[in-house]
């Protein structure tokens, strides 16, 4: 007496036997009964039964499926159109019209749909480069938990839809904010697969319907800005979309959810789970100034784990990977400034140093003020910090920008004004927009050097050129005010700045030429301990040489090159020779005392 199949392999052997007998014209009814008995009470997976039920096959079509399965098992060619028609007729089926789309006349490999062949062979369906099926696995959710719950309730409400009723859900947000992740977790929770579609014409409607049926999948359009005709008739269609949403999305029920950033506590939990407690401790300090998306944060964790396998220290590798991941989007319009100076490397007037430290302290306190204390709900402007450094050339403005970046653990990017300013109408705004869009996806300090070239005073609109110029400045002011990061501006010409922008600046720091005491500190910092230096009279140099910080560093470096090229040490004579060149570049008279002590004739011999 026939019994229930105990394993999938046993079940498929019974199906294959039924298919071979049916192809030979033996009693089809008996074979159907044998398979039905094998299915009765079976607890294993039944591939043939799944295809039959998913596609609603008739008895004749079911027998043709069994024939195809037997051929696949034996390695024989699948029935072609003519043989399939003959077999269906022998099984008592009507003419070919109206036969299930499971059977595709004329398709390569016979009459069985290629996706069904892949299903029976337990391999991923071949859908082309713009379509991919994913069986999702449950993973920890570190952000947008409330949005995932909303999606779950929406899905549960569709479990018994009215015939012909359609529904659509769009998960909106910027790239990397976890849109796909949320949908994959919804699929894992509700027990369906996702059919990712990256193009409106990724697959045809028949294949879409068929694949979704046999794989229990829901189609999802990726990065869609408008509704796809392919999905408008789907019982349920999912979309990932930019922040603006999906234009023209219509269905009987439409849901929009927006991804939310991780809280500081959730981000620490994510780093702890993925990368360990050491990296989490480092991240707990860095989280005050970094704003990574969940994908960038987890990518940095994965890279840090890989670096640990190579022997690197996890916390250091994590921060390095986080900086690289965060700035990956900022590839055009700005260049990374590699120098990393700290407060020990810069010499400023007391008031300027105090204000510079305030910039760093305010940046670290930003999450507490905006999120913890609720100021984000009371202000429509961006939460960014803007500081203007102004003063003569060489007084430390660019170096101060590097100090801010180092203190906050961020990369410093200098905006390339040559790539922003264009003579063509509207191009400057587009270039500015691209830089700010990329900077918003990166965690970095943005430096506008010689910023007066962009933030110049607006003029009376005497002609069309003035109007376009004023429009560019107005757009720049708008983007700056809405920006959530840190913007530093450096200028030698404060008087050229637009007054409306000056009112929007959080910090204005004046960089003055160093006095004698600061010059003494600068000279001592300018010559590294490892350099071969003779006894240098730093007090004399500070008193006699009225140089800026940049001039002092340049003179010290010039003396080092002289010493290296001449095979000697960095001594007073070489330092004075290098300093004399700095005075010549500025068109100033060299101090007479140093001229007398180190005559230029002796220096040139």
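Things to note:
- Helices (runs of 4 or more DSSP H) enclosed by region 512-604 - at least 3 residues per element that are outside the structural domain of residue 350 (by TED's automatic domain parsing), in contact with a strand residue (DSSP E or B) (Cβ under 8 Å, 6 or more places away or on another chain) and modelled with pLDDT of 95 or more: 549-566
- Evaluation of residue 529 against the conditions (1) over 24 Å from residue 389 (Cβ atoms); (2) surrounded by 13 or more Cβ atoms within 10 Å (Cβ to Cβ); (3) under 45 Å from the mean Cα position of the chain (by Cα) shows that the sole unmet condition is (2).
- Residues of region 324-351 classified as surrounded by fewer than 19 Cβ atoms within 10 Å (Cβ to Cβ) and either over 27 Å from the mean Cα position of the chain (by Cα) or in a helix (DSSP H, G or I) (or both), total: 7
- Qualifying positions in region 242-251 - closer than 23 Å to residue 204 by Cα and either part of a loop (DSSP other than H, G, I, E, B) or in contact with a helix residue (DSSP H, G or I) (Cβ under 8 Å, 6 or more places away or on another chain) (or both): 246, 248, 249, 250, 251
- Given (1) farther than 18 Å from residue 17 by Cβ; (2) over 48 Å from the mean Cα position of the chain (by Cα), number of the condition residue 59 does not satisfy: (1)
- Within region 325-341, the only residue that satisfies the criterion of being within 18 Å of residue 552 (Cα to Cα) and modelled with pLDDT of 85 or more is 341.
- Check on residue 296, farther than 21 Å from residue 179 by Cβ and either assigned to a helix (DSSP H, G or I) or touching a helix residue (DSSP H, G or I) at 6+ places or on another chain (Cβ under 7 Å) (or both): no
- Each residue in region 122-176 was checked for being more than 25 Å from residue 254 (Cβ to Cβ) and exposed (fewer than 10 other Cβ atoms within 10 Å of the Cβ), and 4 pass.
- Failed criterion for residue 365 (all others in (1) more than 29 Å from residue 174 (Cβ to Cβ); (2) surrounded by fewer than 17 Cβ atoms within 10 Å (Cβ to Cβ); (3) at pLDDT 90 or above hold): (1)
- Candidates 218, 274, filtered to the one that is at pLDDT 90 or above and either assigned to a helix (DSSP H, G or I) or within 30 Å of residue 369 (Cα to Cα) (or both): 274
- Of everything listed in (1) under 30 Å from residue 451 (Cβ atoms); (2) assigned to a helix (DSSP H, G or I), the single unmet condition for residue 509 is (2).
- Scanning region 506-526 for residues that are under 20 Å from residue 351 (Cα atoms) and buried (at least 20 other Cβ atoms within 10 Å of the Cβ) returns 509, 511, 514, 519, 522.
- Candidates in region 197-215 are the residues that are under 24 Å from residue 259 (Cα atoms) and in contact with a helix residue (DSSP H, G or I) (Cβ under 8 Å, 6 or more places away or on another chain); of these, the one that is modelled with the highest pLDDT is 197.
- Residue 290 buried (at least 17 other Cβ atoms within 10 Å of the Cβ) and not assigned by TED's automatic domain parsing to the domain that holds residue 198: yes
- For the condition under 21 Å from residue 514 (Cα atoms), out of contact with any strand residue (DSSP E or B) (no Cβ under 7 Å at 6 or more places or on another chain), surrounded by fewer than 17 Cβ atoms within 10 Å (Cβ to Cβ) and without any contact (Cβ under 8 Å) to a residue 12 or more places away in the chain, residue 378 does not qualify.
- Checked against (1) under 23 Å from residue 79 (Cα atoms); (2) within 51 Å of the chain's Cα centre (by Cα); (3) in contact (Cβ under 8 Å) with a residue 24 or more places away in the chain; (4) surrounded by fewer than 16 Cβ atoms within 10 Å (Cβ to Cβ), residue 47 passes all but a single condition, namely (4).
- Filtered residues of region 82-109 (kept if in contact with a strand residue (DSSP E or B) (Cβ under 9 Å, 6 or more places away or on another chain) and either over 20 Å from residue 26 (Cβ atoms) or at pLDDT below 75 (or both)): 96, 102, 103, 104
- Filter result for residue 362 (in contact (Cβ under 8 Å) with a residue 24 or more places away in the chain, over 28 Å from residue 528 (Cα atoms), touching a strand residue (DSSP E or B) at 6+ places or on another chain (Cβ under 8 Å) and assigned to a helix (DSSP H, G or I)): yes
- Residue match in region 417-425 (condition: closer than 30 Å to residue 516 by Cα, at pLDDT below 95 and outside any strand (DSSP E or B)): no
- Some residue of region 465-472 being modelled with pLDDT under 75 and touching a strand residue (DSSP E or B) at 6+ places or on another chain (Cβ under 9 Å): yes
- Against the list (1) surrounded by fewer than 19 Cβ atoms within 10 Å (Cβ to Cβ); (2) outside the structural domain of residue 432 (by TED's automatic domain parsing); (3) outside any loop (DSSP other than H, G, I, E, B), the condition residue 318 fails is (1).
- Enumerated strands (runs of 3 or more DSSP E) restricted to region 111-215, each holding at least 2 residues that are under 17 Å from residue 235 (Cα atoms): 167-172, 193-197
- Residue list for region 27-44, restricted to those being in a loop (DSSP other than H, G, I, E, B) and either within 49 Å of the chain's Cα centre (by Cα) or under 17 Å from residue 100 (Cβ atoms) (or both): 42, 43, 44
- Inspection of region 387-397 identifies at least one residue that is out of contact with any strand residue (DSSP E or B) (no Cβ under 6 Å at 6 or more places or on another chain), surrounded by 19 or more Cβ atoms within 10 Å (Cβ to Cβ) and under 30 Å from residue 552 (Cβ atoms).
- When residue 403 is tested against (1) crowded, with 16+ Cβ neighbours inside 10 Å; (2) modelled with pLDDT under 85, exactly one condition is not met: (2).
The values are calculated or read from the model by the stated rules, or taken from the named source; none is laboratory data. Only a predicted model underlies this, so the values are computations on that prediction, with no experimental measurement involved. All Cβ positions, even for glycine, are placed from backbone atoms using ideal geometry, and neighbour counts span all protein chains on display.
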